[in-house]
1. I need the phi-derived Karplus couplings for the stretch 50-61: 6.51 cos²θ - 1.76 cosθ + 1.60, θ = phi - 60°, integer Hz, Gly and Pro marked x.
2. List the residues whose amide H sits under 5 Å from the amide H of residue 115, counting only those 5 or more places along or on another chain, with H placed 1.01 Å from N in the peptide plane.
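We did not get these values from a lab; they are worked out from the coordinates using the rules stated. Here the structure is a predicted model, which means the values were calculated and not measured.
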Amino acid sequence: MTALTLRTPTLMGRTAFEQIFDQVFGDQRNMIKQSTSGYPITDIYKDENENQVVEMALAGFTKEDIKIEVKENKISISHQAEAWNGQDRPPRRIAKRSFERSFVDYYNNFDLSSATATFENGLLKIIIPPIAEKKSMVIQIQ
């Protein structure tokens, strides 16, 4: 008599399907964290005058919603979202989430206290000029 045995292909104790599923879809919590850790979307570049430019996509915000703070060699851009006041759901579909992004000038190449900011059509643009190069001088001996 022949006995039939049902076998499920496994790799290292897990079914092949579970491994493929995990490879395709991954850990959902990590995926969500990775997709929101870059919020808001930010571009950083140098313009033609060697200014450091920070641009942030902040659609739906107003300039009053955004706080820009300079402390020592760090510039921080943030927004603190308002509470829903006990409502069952948020008052709008497009949520303005809380965020804080900080950028550090490790080499002190930029004059953060002279930075200027504009906010137009949902785009925050911060221009940070470089520190003027200090010229050497000769000290006369008396």
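1. Going residue by residue, I get 6, 6, 7, 10, 10, 10, 10, 7, 10, 4, x, 8 Hz, with x marking Gly and Pro.
2. For residue 115, whose amide H was placed from the backbone, there are no distant partners under 5 Å.
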